[in-house]
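> Provided herewith is a single structure, encoded as structure tokens, for subsequent inquiry.
Where a number appears in this text, it was derived from the coordinates with a stated rule and is not lab data. Since the structure is predicted, the reported quantities are computational estimates derived from the model, not experimental observations. Here Cβ is always computed from backbone atoms with ideal geometry, including for glycine, and neighbour counts include all displayed protein chains.
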Amino acid sequence: MDTYVPPKKRASKIIKYISPLKISLAHLRGGVCEKCQYNNFAILNAHHIVEVCNGGTDDLDNLLLLCPNCHALEHLNDSSSVGSEEFLVTDD
């Protein structure tokens, strides 16, 4: 029986771009999710309170720093989003 030999790993330099808005939000708001306080900065997202397509801006007062779970919930609970009615989360 042949033994599995994994392919050789190539040395590569990974450069990750971090949005200046995300950096500004992190400095201003502590670098954690503003809803649940999750503290993995690498996966946090900048969320527009008023979406750009609805006239919102990239001003810091229109942005929240959210983890992916809280970001998804924000969009699911936003009844102004097109087609979101079918996903509206309620207390009923």
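> Starting from 0.36 nm per residue, how many nanometres of slack lie between Leu28 and Asn77 once their C-alpha separation is accounted for?
That works out to 15.1 nm of additional length.
> Quick check on segment 20-87: take the gyration tensor over C-alpha atoms, sort the square-rooted eigenvalues as a ≥ b ≥ c, and tell me if it's rounded (a/c under 1.5), prolate or oblate.
Oblate, since a/c reaches 1.5 and b/c is not below a/b.
> Any idea how far apart Cys36 and Asn69 come out in nm if each label point goes 7 Å out from Cα toward Cβ?
0.2 nm
> Rank His71, Gly55, Ala26 by how far each Cα sits towards the positive end of the charge dipole of segment 20-87 (+1 on Lys, Arg Cβ; -1 on Asp, Glu Cβ) and give me just the farthest.
Sorting the options by dipole projection puts first Ala26.
> Excluding Val52 itself, calculate the net charge of residues whose Cβ lies under 14 Å from the Cβ of Val52, where each Lys or Arg counts +1 and each Asp or Glu counts -1.
Result for the local shell: -4.
> Figure the gain on full extension for Tyr17 and Asp61 (residue separation times 0.36 nm, minus the Cα-Cα span) and round it to one decimal in nm.
13.6 nm
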